[in-house]
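Quick notes on the structure that follows.
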Amino acid sequence: MFMSVCAILCGADDWNRIRLFARTKEDWFRKHLILPGGIPVAITFSRVFAVLDPEEFRLIFIQWIRDVLSGLKLSDSRIVALDGKTVKGSAWNNGKDAIHMVNA
């Protein structure tokens, strides 16, 4: 999940690009994650997202952002600029919901 979120925030818009991003940044990810099997293949990212409850992910993501912001020393950490979009072509898989991306 961490690799996917980082990749999406950096502009990756499909499973292959998420994997490419993760492979490109593998050394950095290994500083933060245990990767006994290396970087997952693209279909693994797809399968993980397919079984996620979108509402649960939303709540966890919001809490993660709050935790990140609480550690920052900003003059007013209550102000966060948000931008969102739907990833083009992400809903073509068996009628699943599209990937919605939020940048903060």
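Rule-based calculations on the coordinates, nothing more; no lab input. All figures in this text were calculated on a predicted structure; none of them were measured in a lab. So basically every Cβ, Gly included, is an ideal-geometry build from the backbone, and we count neighbours across all protein chains shown.
Name the residue from Phe49, Pro36, Met1 whose Cα lies farthest towards the positive end of the charge dipole of the chain, charges +1 on Cβ of Lys and Arg and -1 on Cβ of Asp and Glu.
Towards the positive end, the residue furthest out is Pro36.
Under a GNM of the chain (C-alpha, springs under 10 Å), which listed residue has the highest mean-square fluctuation: Ala81, Ala22, Ala50?
Ala81
Ratio of the chain's C-alpha Rg to 2.2 N^0.38 Å, to two decimals? Let's see the in-between values first.
Details: Rg = 14.8 Å, N = 104, 2.2 N^0.38 = 12.8 Å.
Compared with the compact-globule rule of thumb, the chain sits at 1.15.
Of Ala104, Ile60, Leu20, which is farthest towards the positive pole of the chain's charge dipole, taken about the Cα centre with +1 and -1 on the beta-carbons of Lys, Arg and Asp, Glu respectively?
Result: Leu20.
What does the charge dipole of the chain about its Cα centre add up to, to the nearest 20 debye, if the Cβ of each Lys and Arg holds +1 and the Cβ of each Asp and Glu holds -1?
Numbers: 14 positive and 11 negative charges, 55 e Å.
Around 260 debye, computed over the chain.
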